[in-house]
Amino acid sequence: MEQTLVKFTLPDQDPTALWAELVAHLRPPRPSQSRRAAEAMRVLTHTLARRPELRHALRTSLQDLFRERKQVSLYVSSGLLPSTGFFSETSRRISGRLLPQVIDTAYMKDVLSVVFNRRDDDVWVNAVPDELWLDLIATVLEEAEPRAEEDASDLPPALVEILEALRVLSYHVSAIGLDPELVRIDPNLEEYESPFLAQNAELLAYIQRYIDWWSTPGAMVADEKHLTVMLGQCEEVLQRVRKRATRIGTSLTLTFTLERLRQHLERIAELLAVLDELRARRVVHDVAPRLIRLFKALVRAECRKNHLFDYWGQNVELLSLRMTESASRTGEHYITSTRGEYFRMLSSAALGGVIIALMSALKVVLGKQGMAPLNEALAFCLNYGLGFVLIHILGGTVATKQPAMTANAIAASIGEASGKTRDLEALADLIARTVRSQLAAILGNIGLAIPVAIAVGLAVHAISGTHFITPEKARALLGEIDPRNGAPFFAAIAGVCLFLSGLIAGYYDNLSAYNRIPQRLLQLAGPRRLLGEARMQRVANYIENNLGALAGNFFFGFLLGGTTALGVLFGLPLDIRHIAFSSAYVGYSVEALGFALPWQTVSVALGGVLLIGLVNLAVSFTLTLTVAMRARRISFAQGRTLGRLLLQRFLKRPQEFFLPPLRGATPAPKSDDPAEHASPVATSSKPNPSRTLGPDAPNG
């Protein structure tokens, strides 16, 4: 390291290469080894402290960098989304990974990329404590030469670049604030003076006043409160648009625009804070802590400028929040409180079990037709998709769809909890009600799917004299359920399909709200004349409340049917196992084998069905809960306390996890959680197929 520092004293050296070499001495072998990086930082600081000539050379090189390099692009583009749009930026990042962009070290932004040239350099840079960076800055700038009086009125080059960056950022914010997407969501922006335009005028005046103040030491500092108010109003508009978008729908374009606006406002606030803190003594030491935070953010931005998943995570957040909010409201319908709701859930699941048994029979029939592989795959997909749509329309419930919906409701309640014991008690009650509702749905599905399948098999045998499926086919179906033949893995694939179908349902709910599809349907002259105003209004209301559910059901069928076809096409071991269909196949197999199965076979079959169901539920619930919590930026740190509360409740009152309390029993702790009160079954004694449990079951 000391040899590298000596090179800074030599003439005709490339400063960028020297700084890259110095950082290479600080960089640990692995980015997670922050202690080694911290120790290297201490060694560098100690070496500079005892070698004044090296300290002077390093300080001069640093000053030359900021004097000779262009810095505006570093502040206005590094870590900030560009104006090109979501898909253009996605394409740029992919091409940037495959073919890096040209480096021009005349720009400080590219100098930073060359010096911190590893994609994971931001890990150790951010892990090194700020105190060590502060010690390094203090040592490098120690005994810095004072400015001459005749130069006191000249702005330092670094400040000139920061002021110009603020000017550019302000223009960007004005342009973003006039975007039609924002005006569409918040029409008030058209009726009143836009704060995005007002902040530009205020910021330009601030820049001029700052320059005047710097050139006239001792002059009065102008009041900057109005600029602060304007920037605060811009932030308020941003938050208001985000909240409205979660209700009336959003898009990738709107999410991209809002994220870009947020980043620009934060960067403006950070640079203004640097300028404000310089007013006390005009020395770097006063703003060093803030500069270190900005430096770390810029290094992270440059190291991750081509990271695709970070970029997607930033920009799908609002869309995923809107999708999971829709699923959360649907999930509330799956959580029962009273015994009346519980038994209605049971009957709804029983209807779903009947239809699934018939869907299983149709799949067996389609498999006997000898169709071409593609035609057979399409037939299976349509059987699944249209069958799940029929279950939804008739008001049935399929148990495996519940976790993808109830996980969102639980995530919403976690987001509203403040960590108090009362909130956790209410959350524990919500989970207990969710568990018993889920058990009711499973019992209803399996309890009817198996006997209906047996009845269908007996009816076919009585009419035709042959079993519905052959004994060989029955043994093959039982073998597919056997856990030793990979059934849990295939059940996990079905769980992923359940999770994706929940997102699809939320996406189409968002699409309906964002594009105002029900309102546009009401404007169709032909259907209005054909159906009449009243019927057309009912159609529009049904589409508004059920488009996501219908789409989710239909696409879930194609996900199930397409997975097996995809495995055949690519020669991969891909298949699905679904608890309701597996239980129906058990019924057909039992009948085909003349009810003469060894108890070991029966035990393996039932155990396999239960294991498939457990994996279906666990995978879909876990994936959905993770996405819902990330969309809400929730970090739930009280899991241990919640687990203890659930265990205590199960030991004291285990019946709450299986059956709702009788009317007149001691009620559970009340909560402000919306899922506590939102079950539509509790609001009406007459089930409505378009609003109660069944139709809000997007898929199976």
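Annotations
- Of all residue pairs spaced 6 or more apart or on separate chains, those with beta-carbon atoms under 6 Å, a first member in segment 174-188 that is at negative phi and a second member that is assigned to a loop (DSSP other than H, G, I, E, B) are G177/S194.
- Taking the listed residues A596, A525, the one that is more than 22 Å from G447 (Cα to Cα) and either surrounded by fewer than 20 Cβ atoms within 10 Å (Cβ to Cβ) or of a type in the set (S, T, N, Q) (or both) is A525, with no other qualifying.
- Cβ pairs under 6 Å, 6+ apart, first in segment 589-609 and in contact (Cβ under 8 Å) with a residue 12 or more places away in the chain, second in a loop (DSSP other than H, G, I, E, B) and not β-branched (V, I, T): A592/H467; V604/D482; G608/D482
- Against the criterion of being aliphatic (A, V, I, L, M), modelled with pLDDT of 90 or more and touching a helix residue (DSSP H, G or I) at 6+ places or on another chain (Cβ under 9 Å), A379 qualifies.
- Apart from one condition, R92 fits all of (1) within 26 Å of I268 (Cα to Cα); (2) in contact (Cβ under 8 Å) with a residue 12 or more places away in the chain; (3) among the basic types (K, R); (4) touching a Ser or Thr at 6+ places or on another chain (Cβ under 8 Å); the exception is (2).
- Test set (1) at positive phi; (2) in contact with a helix residue (DSSP H, G or I) (Cβ under 8 Å, 6 or more places away or on another chain) - F86 fails condition number: (1)
- Filter pass, L647 being at pLDDT 80 or above and under 26 Å from the mean Cα position of the chain (by Cα): no
- In segment 282-336, the residues that are modelled with pLDDT of 75 or more and among the small types (G, A, S): A288, A297, A301
- Matching helices (runs of 4 or more DSSP H) fully within segment 415-517 where at least 3 residues are at pLDDT 90 or above, of a type outside the set (D, E, K, R) and touching a Phe, Trp or Tyr at 6+ places or on another chain (Cβ under 6 Å): 421-464
- Filter result for the condition that a residue is in contact with a Cys (Cβ under 6 Å, 6 or more places away or on another chain), crowded, with 19+ Cβ neighbours inside 10 Å, in the same structural domain as I391 (by TED's automatic domain parsing) and touching a residue at least 40 places away in the same chain (Cβ under 8 Å), over F554, F558: F558
- Selection from segment 186-196 of residues that are surrounded by fewer than 17 Cβ atoms within 10 Å (Cβ to Cβ) and in a helix (DSSP H, G or I): N188, E190, E191
- Residue in segment 204-227 that is closer than 26 Å to E89 by Cβ and in a helix (DSSP H, G or I) present: no
- All conditions but one from (1) touching a Phe, Trp or Tyr at 6+ places or on another chain (Cβ under 8 Å); (2) over 30 Å from F87 (Cβ atoms) apply to V284; the one that does not is (1).
The values are calculated or read from the model by the stated rules, or taken from the named source; none is laboratory data. Predicted, not measured: the structure shown is a model, and the values here were computed from it. Positions of Cβ are backbone-derived with ideal geometry, glycine not excepted, and every protein chain shown enters the neighbour counts.
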